[in-house]
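The values are calculated or read from the model by the stated rules, or taken from the named source; none is laboratory data. Predicted model only: the values in this text are computed from it and were never measured. Reconstructed Cβ throughout: ideal geometry from the backbone, glycine too, with neighbour counts over all protein chains shown. Calculation scope for accessible area: heavy atoms of the full protein, side chains included, ligands and nucleic acids excluded. Shrake-Rupley method; radii C 1.70, N 1.55, O 1.52, S 1.80 Å.
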Amino acid sequence: MGIISVLMIAIGLAMDSLAVSISGGIVMQPFRMNQSLRLALTMGIFQGGMTLLGWLLGGSFSSYITAFDHWIAFILLGFLGGKMIYESFEEEETTISSFSNKTLITLGIATSIDALAVGVSMAFLKTSIYFPAFMIGFVTFTLSLLGVICGYRFGKIKGINVELFGGIILIAIGIKILVEHLME
């Protein structure tokens, strides 16, 4: 898997964390860099860690399904992207009422379930995991930190639906994987 694909997957996966981080910035009064860093670090660690965990779980049974692994990756990424697009049109928004460790861990798990599925699909594709997991965690950390800062400074960013954007990216990557394997 190329660096551009990994970067696009990382951006797509980070959209839920970005949305949560913007929400966290909106409710943060006054602005605290240590809270912002804790939130961003939690998001990044969970995204990268869940990707690695998914890869480890998927690797244990990937040898049995190599004939149709590209279809599984396509279906998983398509499902996750579709789920993100669907959720982008829901009225309910996730907000952060506190920055406690329990809240941060809960948010980290909730926003990284998609990364677990992506890790499984990477195992099916026999993709090395360390660089993608690091990039997913790093991109998530960076976008989450920027999200908290933007949320605090500018309130809700109007006109940008980050979950919709993330869902479209994941579906596009799934289509790219499918087309590449069908063209072989």
Solvent exposure, largest accessible area first (probe 1.4 Å, DNA, RNA and ligands not counted), of VAL6, VAL120, VAL27
VAL27, VAL120, VAL6
Gain on full stretching of the segment that runs from ILE113 to PHE154 - 0.36 nm per residue minus C-alpha separation
11.9 nm
Which loop chymotrypsin sites (Phe, Trp or Tyr not before Pro) in the range 105-136, with loop taken from DSSP, have no more than 13 other Cβ atoms within 10 angstrom of their Cβ?
none
If MET50, MET122, MET8, MET1 are ordered by their accessible area, calculated over protein heavy atoms with a 1.4 Å probe, which sequence runs from highest to lowest?
MET1, MET8, MET50, MET122
LYS176, LYS102, LYS126, reordered so the largest accessible area comes first (probe 1.4 Å):
LYS102, LYS126, LYS176
